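Participant: Quick one: the structure is below, questions incoming.
The values are calculated or read from the model by the stated rules, or taken from the named source; none is laboratory data. These figures come from a predicted structure and were not determined experimentally. With ideal geometry, Cβ positions are generated from the backbone for all residues, glycine too; neighbour counts draw on all protein chains shown.
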Amino acid sequence: MNRKDRNINLFLFLFFIAVGLYMSVSGSWNLITAEQENLFDFQNQDIPIFTNITQLLTGLICLFSGFVMWMRVHWAFSFSLFSSGLLIAYNLNNMGRAIYENPTEAIVMAAILVIVLQSLPFLIRQNQRI
C-alpha cells in the first residue's frame, strides 16, 4: 500500500466510525424519545419503527466496519463494501423524508452519499487485491 492508499484507508476508517456513531446514536435516540403509539402508526406510507431500527442497525454495521478496518482484518474491505451499500440504500430511501421534515439532516445525508460514492472505486480495487 502506498502513502495515498494509506491516507484513504485512514480517512475511510474515521468516516465509518463517525457515520456509525452518528447513525446509531441518532437511531437509538429516536427510538428512546418517540412515543410508543407514534412508532407503529402508519404515516406517509411508512411505519417509523422500521426506519429507526434500520438506521440503528446500519450505524452499528458501519461502526463494526470501521473497527475491522482499524484492525486490518483481511476481509475488512469486503465488509466495508457491504456497509457502503447499506449506507447508500438507507440514505437514498430516506432522503425525501429528510428533505421534507428536516433539511439539515438531508445535507448530512447528501455528504454521506458523496463520500461513499467516491470511496467505492478504492474499496473495489482493494477488495480485488486480496
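Participant: Report, by residue number, each residue of the range 52-75 that is free of Cβ contacts under 8 Å to residues at least 40 places away in the same chain and either over 30 Å from Thr33 (Cα atoms) or among the small types (Gly, Ala, Ser) (or both).
Facilitator: Scanning the range 52-75 gives Val68, Met71, Arg72, Val73.
Participant: Just to be sure before I move on: is Leu21 assigned to a helix (DSSP H, G or I) and either surrounded by 15 or more Cβ atoms within 10 Å (Cβ to Cβ) or in contact (Cβ under 8 Å) with a residue 24 or more places away in the chain (or both) in the structure I sent?
Facilitator: For Leu21, the condition - assigned to a helix (DSSP H, G or I) and either surrounded by 15 or more Cβ atoms within 10 Å (Cβ to Cβ) or in contact (Cβ under 8 Å) with a residue 24 or more places away in the chain (or both) - is met.
Participant: Can you name the condition, by its number, that Asp5 falls short on among (1) surrounded by fewer than 17 Cβ atoms within 10 Å (Cβ to Cβ); (2) in contact with a Phe, Trp or Tyr (Cβ under 8 Å, 6 or more places away or on another chain); (3) more than 24 Å from Gln126 (Cβ to Cβ)?
Facilitator: (3)
Participant: If I ask for residues that are surrounded by fewer than 11 Cβ atoms within 10 Å (Cβ to Cβ) and either in contact (Cβ under 8 Å) with a residue 60 or more places away in the chain or in a loop (DSSP other than H, G, I, E, B) (or both), which ones from the range 76-130 would you list?
Facilitator: Ile130
Participant: Kindly list the number of the only condition in (1) touching a residue at least 12 places away in the same chain (Cβ under 8 Å); (2) surrounded by 12 or more Cβ atoms within 10 Å (Cβ to Cβ); (3) more than 9 Å from the chain's Cα centre (by Cα) that fails for Ile47.
Facilitator: (1)
Participant: Okay, moving on. Out of curiosity, is Ser28 surrounded by 14 or more Cβ atoms within 10 Å (Cβ to Cβ), at pLDDT 85 or above and closer than 24 Å to Arg6 by Cβ?
Facilitator: Criteria not met by Ser28.
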